[in-house]
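Asker: Pasting a structure here, questions to come.
The values are calculated or read from the model by the stated rules, or taken from the named source; none is laboratory data. Just so it is clear, the model here is predicted, and its values are computed rather than measured. Here Cβ is always computed from backbone atoms with ideal geometry, including for glycine, and neighbour counts include all displayed protein chains. When the accessible area is computed, the model is the full protein with side chains, heavy atoms only, and any ligands, DNA or RNA have been set aside. Shrake-Rupley method; radii C 1.70, N 1.55, O 1.52, S 1.80 Å.
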Amino acid sequence: MATEEFLPFSRPSISREAIAEVVACLESGWITTGPRVKKFEDELKRYFGAPHALALSSATAGLHLALLALELKPGDEVITTPMTFAATLNTIVLAGGKPVLVDVEPDTYNMDVSQLEGAITKHTRAIVPVHFAGLPVDLDPLYALAAKHGLRVIEDAAHAIGTEYQGKRIGAFGDTQVFSFHPNKNMTTGEGGCVVTRDDKLAETIALLRFHGMDREAWNRFGKTGSQHYEIVLPGLKYNMMDLQAALGLHQLPALEGFIQRRTQLAQRYQKLLAGWPQWTLPGAPGYPHRHAWHLYTPLINPQAAGMDRDAFMTGMKERNIGTGLHYRAAHLYPYYREHFGFKPGDFSNAETISDRIVSLPLFPAMTEADQDRAIAAMASVFGRRA
Ligand SMILES: *Cc1c(COP(=O)(O)O)cnc(C)c1O
């Protein structure tokens, strides 16, 4: 039926310069962790105004290492929300913690911080807030509770590079933040991520754990200045970023501001063009000062008014050559979490309502207004309404 090419829900913007840098890296003879990762980390530190930025193979690796560094003991609890990617809960479990969940707000999909204190017990060790779609969680009251109860805060900032809360950039203040450079995220290194922290000890532990637990930055041990010997001081993992990945990152970071501005224009245009459609409940904004990084544009379908559920809508869009995404189904209802932690339907009603109705519409920097109009026309056709 549709003759136009498929419009994906997301697509990375990779410049000619970035491609040339990858080629230069390949030709240099050094493709794994090396000088380009070092330079990328220096630029991340400058971007965040933070003393430590550790480049890694993914944000999942970052969450895993930041949580491992807390040395959780059996029974220790870590609080997050069900409205997140599975990696947030999975890494809590892999680090030896018990995930404890707080429901989200119905309009921002972020942790309802007013319910946080009720979830804190004598076993709680850390809070992992998720800045959903690039909208910041209400961090002032969250950090106040963390200070009151002596808890660590590891922010899942996978969506939030460029996000600001109360005039401050996420990553520029607080405890520890984990960013993702997956191709769908606001900037990419292929796969990749980083941990930003102001805690010297945590940074040191993560630097060890990301590369086998070797006692020095061993990446150059085959080079002229490196030593042949190393010691293993911890049983570490293999979560280092490659120079090939950093080659992309070195060109994505300077482009990030432009990417976010374009995402913002498109998201605001969706908000304007879809306002008043009974088929949608559009994303809401919190009252505190913030900057949304618009990693995702995620309205909720109103199945009654739409005459269909979210999955039927997604299928209808696909038939019209428009990609959509599903971020996310409520994590507590996955079989593993039900079986091991006793979660069940009804536990977190806001997250479950969102889970059933949420859909990610196409949004990426290279998307044109014509692309967006096409997506909206397809939507109107799926709903059987005039655009
Ligand atoms: C993408 C994502 C992650 C994992 O990021 P990767 O870099 O793909 O490992 C973690 N948390 C959230 C909320 C995400 O969206």
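Asker: Looking only at the stretch 149-172, which residues are surrounded by 15 or more Cβ atoms within 10 Å (Cβ to Cβ) and at positive phi?
Answerer: Hits for the stretch 149-172 are Gly162, Gly171.
Asker: Pairs please, first residue from the stretch 185-199 and modelled with pLDDT under 95, second anywhere and near the ligand (Cβ under 10 Å from one of its atoms), Cβ atoms under 9 Å, 6+ apart in sequence or on different chains.
Answerer: Correct list of pairs: empty, since none qualify.
Asker: Exactly one of (1) in contact (Cβ under 8 Å) with a residue 12 or more places away in the chain; (2) over 27 Å from Arg357 (Cα atoms); (3) open to solvent by 10 Å² or more (accessible area, probe 1.4 Å) is unmet by Val100. Its number?
Answerer: So Val100 meets the others, but not (2).
Asker: Could you figure out which of (1) open to solvent by 10 Å² or more (accessible area, probe 1.4 Å); (2) touching a helix residue (DSSP H, G or I) at 6+ places or on another chain (Cβ under 8 Å) isn't true of Met111?
Answerer: Going through (1) open to solvent by 10 Å² or more (accessible area, probe 1.4 Å); (2) touching a helix residue (DSSP H, G or I) at 6+ places or on another chain (Cβ under 8 Å) one by one, Met111 breaks only (1).
Asker: Moving on. Would you tally the residues in the stretch 31-88 being within 16 Å of the chain's Cα centre (by Cα), open to solvent by 20 Å² or more (accessible area, probe 1.4 Å) and of a type in the set (Val, Ile, Thr)?
Answerer: 1
Asker: Moving to a separate point now. Among the residues of the stretch 56-86, which ones are part of a loop (DSSP other than H, G, I, E, B) and within 14 Å of the ligand (Cβ to nearest atom)?
Answerer: Within the stretch 56-86, the first condition is being part of a loop (DSSP other than H, G, I, E, B), and the residues that meet it are 57-58, 69-76, 81-85.
Correct list: Ser57, Ser58, Thr81, Pro82, Met83, Thr84, Phe85.
Asker: Please enumerate the residues belonging to the stretch 318-329 that are touching a Leu at 6+ places or on another chain (Cβ under 9 Å) and within 25 Å of Asn350 (Cβ to Cβ).
Answerer: Answer for the stretch 318-329, where residues must be touching a Leu at 6+ places or on another chain (Cβ under 9 Å) and within 25 Å of Asn350 (Cβ to Cβ): Thr324, Gly325, His327.
Asker: While we're looking at this one, here's another question. Before we move on, is Arg374 at pLDDT 95 or above, more than 30 Å from Ser114 (Cα to Cα) and not assigned by TED's automatic domain parsing to the domain that holds Pro99?
Answerer: Considered against the rule, which asks whether it is at pLDDT 95 or above, more than 30 Å from Ser114 (Cα to Cα) and not assigned by TED's automatic domain parsing to the domain that holds Pro99, Arg374 comes out as yes.
Asker: Hey, another quick one. Would you be able to tell me the number of residues in the stretch 292-340 that are within 16 Å of the ligand (Cβ to nearest atom) and over 20 Å from the mean Cα position of the chain (by Cα)?
Answerer: Selection size over the stretch 292-340: 1.
Asker: Yes or no: Ala146 away from the ligand (no atom under 16 Å from the Cβ), surrounded by 19 or more Cβ atoms within 10 Å (Cβ to Cβ) and free of Cβ contacts under 8 Å to residues at least 60 places away in the same chain? If you could, list the steps in order and put the result at the bottom.
Answerer: On the way: away from the ligand (no atom under 16 Å from the Cβ): yes; surrounded by 19 or more Cβ atoms within 10 Å (Cβ to Cβ): yes; free of Cβ contacts under 8 Å to residues at least 60 places away in the same chain: yes.
Taking the combined requirement at face value, the residue satisfies it.
Asker: Let me ask something else. Does at least one position in the stretch 260-276 carry a residue that is at positive phi and in contact with a Ser or Thr (Cβ under 9 Å, 6 or more places away or on another chain)? So that I can check it myself, show each step before the final result.
Answerer: The initial filter retains those residues of the stretch 260-276 that are at positive phi, namely 276.
Next, only the ones that are in contact with a Ser or Thr (Cβ under 9 Å, 6 or more places away or on another chain) stay: none.
Checked the stretch 260-276: no residue is at positive phi and in contact with a Ser or Thr (Cβ under 9 Å, 6 or more places away or on another chain).
Asker: Would you mind finding the one in Val113, Val178 that is within 16 Å of the ligand (Cβ to nearest atom) and not acidic (Asp, Glu)? Steps first, please.
Answerer: Values: Val113 fails: within 16 Å of the ligand (Cβ to nearest atom).
Every option except Val178 fails the conditions.
Asker: Go through the stretch 247-294 residue by residue and tally those that are touching a helix residue (DSSP H, G or I) at 6+ places or on another chain (Cβ under 7 Å) and closer than 20 Å to Gly167 by Cβ.
Answerer: The number of residues fulfilling the criteria is 3.
Asker: Which of the residues spanning the stretch 81-104 are touching a strand residue (DSSP E or B) at 6+ places or on another chain (Cβ under 7 Å) and either assigned by TED's automatic domain parsing to the domain that holds Gly342 or under 20 Å from Leu202 (Cα atoms) (or both)?
Answerer: Let us first name the residues in the stretch 81-104 that are touching a strand residue (DSSP E or B) at 6+ places or on another chain (Cβ under 7 Å), namely 81-84, 88-89, 92-93, 97-102, 104.
Within the stretch 81-104, Thr88, Ile92, Val93, Gly97 qualify.
Asker: Does Ala53 meet the test of being within 16 Å of the ligand (Cβ to nearest atom), outside any helix (DSSP H, G or I) and of a type outside the set (Lys, Arg)? If you could, list the steps in order and put the result at the bottom.
Answerer: Details: within 16 Å of the ligand (Cβ to nearest atom): yes; outside any helix (DSSP H, G or I): yes; of a type outside the set (Lys, Arg): yes.
Here the answer is yes, as Ala53 does meet what is asked.
Asker: Out of Pro106, Pro136, report the one residue that is assigned to a loop (DSSP other than H, G, I, E, B) and over 18 Å from the mean Cα position of the chain (by Cα). Working first, answer last.
Answerer: On the way: Pro136 fails: over 18 Å from the mean Cα position of the chain (by Cα).
Just one listed residue meets the conditions, Pro106.
Asker: Now for a different question. Among residues belonging to the stretch 181-206 that are among the aliphatic types (A, V, I, L, M) and within 13 Å of the ligand (Cβ to nearest atom), point out the one that is farthest from Ile19 (Cα to Cα). Give the derivation first.
Answerer: Filtering the stretch 181-206 for residues among the aliphatic types (A, V, I, L, M) gives 187, 195-196, 202-203, 206.
Now drop any that are not within 13 Å of the ligand (Cβ to nearest atom), which leaves 187, 195.
Values: Met187: 15, Val195: 25 Å.
Here the answer is Val195.
Asker: Something else about it: Only residues that are more than 14 Å from Lys318 (Cα to Cα) and either assigned to a helix (DSSP H, G or I) or within 26 Å of the chain's Cα centre (by Cα) (or both): list them for the stretch 360-387, please. Break it down into steps so the answer makes sense when it comes.
Answerer: Taking the stretch 360-387 as the starting set, the residues that turn out to be more than 14 Å from Lys318 (Cα to Cα) are 363-373, 384-387.
Scanning the stretch 360-387 gives Leu363, Phe364, Pro365, Ala366, Met367, Thr368, Glu369, Ala370, Asp371, Gln372, Asp373.
Asker: How about the stretch 119-129: which of its residues are crowded, with 24+ Cβ neighbours inside 10 Å and among the hydrophobic types (A, V, I, L, M, F, W, C)?
Answerer: We begin by selecting, within the stretch 119-129, every residue crowded, with 24+ Cβ neighbours inside 10 Å; these are 127-129.
Passing the criteria: Ile127, Val128.
Asker: Do we find a residue being open to solvent by less than 20 Å² (accessible area, probe 1.4 Å), hydrophobic (A, V, I, L, M, F, W, C) and modelled with pLDDT of 95 or more anywhere in the stretch 224-240?
Answerer: Checked against the condition, which is being open to solvent by less than 20 Å² (accessible area, probe 1.4 Å), hydrophobic (A, V, I, L, M, F, W, C) and modelled with pLDDT of 95 or more, the stretch 224-240 yields no hits at all.
Asker: Could you give me the residue pairs with C-beta distances under 7 Å whose first residue belongs to the stretch 14-35 and is under 19 Å from Pro365 (Cβ atoms), whose second residue is open to solvent by 70 Å² or more (accessible area, probe 1.4 Å) wherever it lies, and which are 6+ apart or on separate chains?
Answerer: Pairs that qualify, where the first residue is under 19 Å from Pro365 (Cβ atoms) and the partner is open to solvent by 70 Å² or more (accessible area, probe 1.4 Å): there are none.
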